[in-house]
Structure formats: C-alpha cells, structure tokens
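In what follows, a single structure is set out as structure tokens and then discussed.
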Amino acid sequence: MIVNLIQNESAASDIDLTGISIVAQKNPARRILVVDDEADRRQLSVDVLVSANFEVDTAVDGADGWESLRAKHFDLVITDNKMPRMTGIEMIEKLRYTRLPLPVIMATSQLPTWEFERKPWLMPDATLEWPFSNDDLLATVKQVLRTDDTNWRHMELLLPNYL
C-alpha cells in the first residue's frame, strides 16, 4: 500500500507524503522462508511469524525450498532437517556453495550435530529443537535478523577454500 502511494505521488499532489518513503525504507517487512515437510509445524511457524509482521513463504521440503531461494529474495530461512528429496543440511550446503549470505535457523526434532562437527561451515546461525515455544521462535528470529551481517562474516572464515 505504501509503495502504491509513493508511486502515485505526482497524481495525488494534494496529499502530503513527506516521510512515508523513509519509513518504508527503514522498516521493510523481513521476508522469511519456512521449510518443513510437516504441514502442522510449518503452519504454526507461519502463523507466529505473520502475527509478528513478517512476510512468510513456505516450502514442503529442501528441494522445494532451494527452488524458492533461487526464485525470490529472502532475509532468513527456517528449515527442518529430515525431509524427503533434500534435507535441511543439504539445502544449507547448497547455500554455502553458492556463497549466498543468508542466515539460517534449523528448527528440528533432532539436530545433526555430527554433520556440524564434520563440516563446521554447515552450522546454521541458530538452532531450535522441537518442541519449542512461539516466544522461542520469535526471539531466535529477531536475534538472527539483528546479527545476520556479523554471522555471515564469521561463516565466510569457516568456509573451505574449495567451495
């Protein structure tokens, strides 16, 4: 709606739009991709995030999530790990190989700690183990989005040179 008002500023010269574009640039809706093969958990995450004014897209597994990431811009990915076609770890690995500076939260019932030990560059920016509360989800999302630039710079140091 704000974008439409800004685009139509010349047509509506009697409306004072001073400062509207600044507000829109300072507080853009952050876009989050939720990747989970369990529909109920995916929908619960969507409901919590939308109620906190985030834009949310969903994917039913890692392969679907990867296609979404290639097609659209996101500020954050929240992913399960054990999913058909492509796991969360495999999707994170693709993100790292392409050096896409996108923060990731892994929200899963069993964290793949052995994979993180073997390949530390696959470690997500944050992890949540099911069951977790809505407040835990929102606090983690806000923390990761607040520090995403710092986390990516740290992650670049961990990436092997052959990637």
Open item on the list: Could you list Arg31, Arg42 so that the one with the fewest beta carbons within 10 Å of its beta carbon is first and the one with the most is last?
Closed with: Arg31, Arg42
TODO: Could you go through segment 75-84 in sequence order and give the Karplus-derived ³J(HN,Hα) for each residue, using 6.51 cos²θ - 1.76 cosθ + 1.60 with θ = phi - 60°, rounded to whole Hz, and x for Gly and Pro?
DONE: 9, 6, 10, 10, 10, 6, 9, 6, 9, x
Open item on the list: Below 8 Å, C-alpha to C-alpha, sequence gap of six or more: please give me the relative contact order for segment 30-155 in percent.
Closed with: 22
Open item on the list: Using a 7 Å offset from the Cα along the Cα-to-Cβ direction at both Asp47 and Thr98, what is the distance between the two label points in nm, to one decimal?
Closed with: 3.1
Task: Pairwise label distance in nanometres, Ser109 with Ser133, each label 7 Å out on the Cα-Cβ vector - done: 2.2
Task: Amide H contacts under 5 Å for Val56, placed H, 5+ residues apart - done: Ile32
TODO: Neighbouring Cβ atoms within 10 Å as the yardstick, rank Ser133, Ser45 fewest first.
DONE: Ser133, Ser45
Open item on the list: How would segment 30-155 be classified by its alpha-carbon gyration tensor: rounded, prolate or oblate, with rounded meaning a/c under 1.5 and the a/b versus b/c comparison settling the rest?
Closed with: rounded
- [ ] Any of Lys72/Lys142; Lys82/Lys119; Lys82/Lys142 with alpha carbons more than 23 Å apart? Name them for me.
- [x] Lys82/Lys142
TODO: Take peptides 109-115, 137-143 and line them up by average Cβ neighbours within 10 Å, highest first, as a rough protection proxy.
DONE: 137-143, 109-115
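All of the numbers you see were taken from the coordinates with simple rules; none came from a lab. Predicted model, so just to flag it, every value in this text is computed and none were measured. With ideal geometry, Cβ positions are generated from the backbone for all residues, glycine too; neighbour counts draw on all protein chains shown.
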